[in-house]
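**Student:** I am attaching a structure below and will ask some questions about it afterwards.
The values are calculated or read from the model by the stated rules, or taken from the named source; none is laboratory data. Because the structure is predicted, anything quoted here is derived from the model rather than measured. Note that each Cβ is placed from the backbone with ideal geometry, even for glycine, and that neighbours are counted across all protein chains shown. For accessibility, only protein heavy atoms count, side chains too; no ligands or nucleic acids. Shrake-Rupley method; radii C 1.70, N 1.55, O 1.52, S 1.80 Å.
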Amino acid sequence: MDENLKKTIDSKQGTDGFIKVTEKPVSGLTDPQKVALNRKANALFNEGKIEMAERIFIATGYSDGLTRVGDSYAKKNDYLKALKLYLLAHNRRKADPLIEKFSSLISVMLKSSEE
């Protein structure tokens with residue numbers, strides 16, 4: 001992968017760049033509140049209500065839940081949404097391969113536009 005492109009993508013994370021990843025867990029939630037919300041989100045996820053579960057997992061900052069939601073998007077070939085969730089979960093093991101795919105795609109597009 002082009003190192004400059006990788007650095008550009010990395011530098012845009014958490015900004016208004018390529019992917020908005022500025023959602024932060026709600027501050028002020030107690031541990032029991034987070035546990036209750038995460039249980040509710042897990043139930044919603046298991047019922048197939050992925051977007052509702054996603055909103056709760058973002059609010060609580062529950063990385064395992066965010067990763068599972070990202071996996072569900074990846075299974076549907078919605079890789080941009082999956083990447084967002086992996087980044088919010090701080091899951092570089094899952095995010096990095098998608099970043100590689102996107103940067104390769106962008107490189108090919110840039111090369112073909114130069115021809």
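**Student:** Determine whether residue 27 is loosely packed, with under 12 Cβ neighbours inside 10 Å, at pLDDT below 90 and assigned to a helix (DSSP H, G or I).
**Tutor:** Working: loosely packed, with under 12 Cβ neighbours inside 10 Å: yes; at pLDDT below 90: yes; assigned to a helix (DSSP H, G or I): no.
Spelling it out, it is not the case that residue 27 is loosely packed, with under 12 Cβ neighbours inside 10 Å, at pLDDT below 90 and assigned to a helix (DSSP H, G or I).
**Student:** Any idea which residue in the range 46-55 is farthest from residue 99 (Cα to Cα), counting only those that are surrounded by fewer than 21 Cβ atoms within 10 Å (Cβ to Cβ) and in contact with a helix residue (DSSP H, G or I) (Cβ under 6 Å, 6 or more places away or on another chain)? Walk me through it before giving the result.
**Tutor:** Residues of the range 46-55 surrounded by fewer than 21 Cβ atoms within 10 Å (Cβ to Cβ): 46-52, 55.
From what's left, in contact with a helix residue (DSSP H, G or I) (Cβ under 6 Å, 6 or more places away or on another chain): 50, 52.
Numbers: 50: 23, 52: 26 Å.
Within the range 46-55, the match that is farthest from residue 99 (Cα to Cα) is 52.
**Student:** Next question. Looking at (1) hydrophobic (A, V, I, L, M, F, W, C); (2) at pLDDT 90 or above; (3) surrounded by 14 or more Cβ atoms within 10 Å (Cβ to Cβ), which is the only condition residue 19 fails?
**Tutor:** Unmet condition: (2).
**Student:** Every residue in the range 30-42 that is over 16 Å from residue 85 (Cα atoms) and in a helix (DSSP H, G or I), please. Let's see the steps before the verdict.
**Tutor:** Of the residues in the range 30-42, the ones over 16 Å from residue 85 (Cα atoms) are 30-37, 39-40.
Once the filter is applied, which keeps residues that are over 16 Å from residue 85 (Cα atoms) and in a helix (DSSP H, G or I), the range 30-42 yields 31, 32, 33, 34, 35, 36, 37, 39, 40.
**Student:** Something else: Go through the range 89-115 residue by residue and tally those that are buried (at least 16 other Cβ atoms within 10 Å of the Cβ) and closer than 19 Å to residue 25 by Cα.
**Tutor:** Total satisfying the criteria: 2.
**Student:** Pairs, please: C-beta under 6 Å, at least 6 apart or cross-chain, first residue aromatic (Phe, Trp, Tyr) and in the range 37-52, second open to solvent by less than 40 Å² (accessible area, probe 1.4 Å)?
**Tutor:** Correct list of pairs: 45/53.
**Student:** Using beta carbons and a limit of 8 Å, which pairs, at least six apart or on different chains, have the first residue in the range 89-112 and among the hydroxyl-bearing types (Ser, Thr, Tyr) and the second one in a helix (DSSP H, G or I)?
**Tutor:** 103/5; 103/6; 103/9; 107/5
**Student:** I'm trying to understand the selection: among the residues of the range 60-88, which are more than 25 Å from residue 100 (Cβ to Cβ) and open to solvent by 30 Å² or more (accessible area, probe 1.4 Å)? It would help to see each step written out before you state the result.
**Tutor:** First, pick out the residues of the range 60-88 that are more than 25 Å from residue 100 (Cβ to Cβ): 60-62.
Within the range 60-88, 61, 62 meet the criteria.
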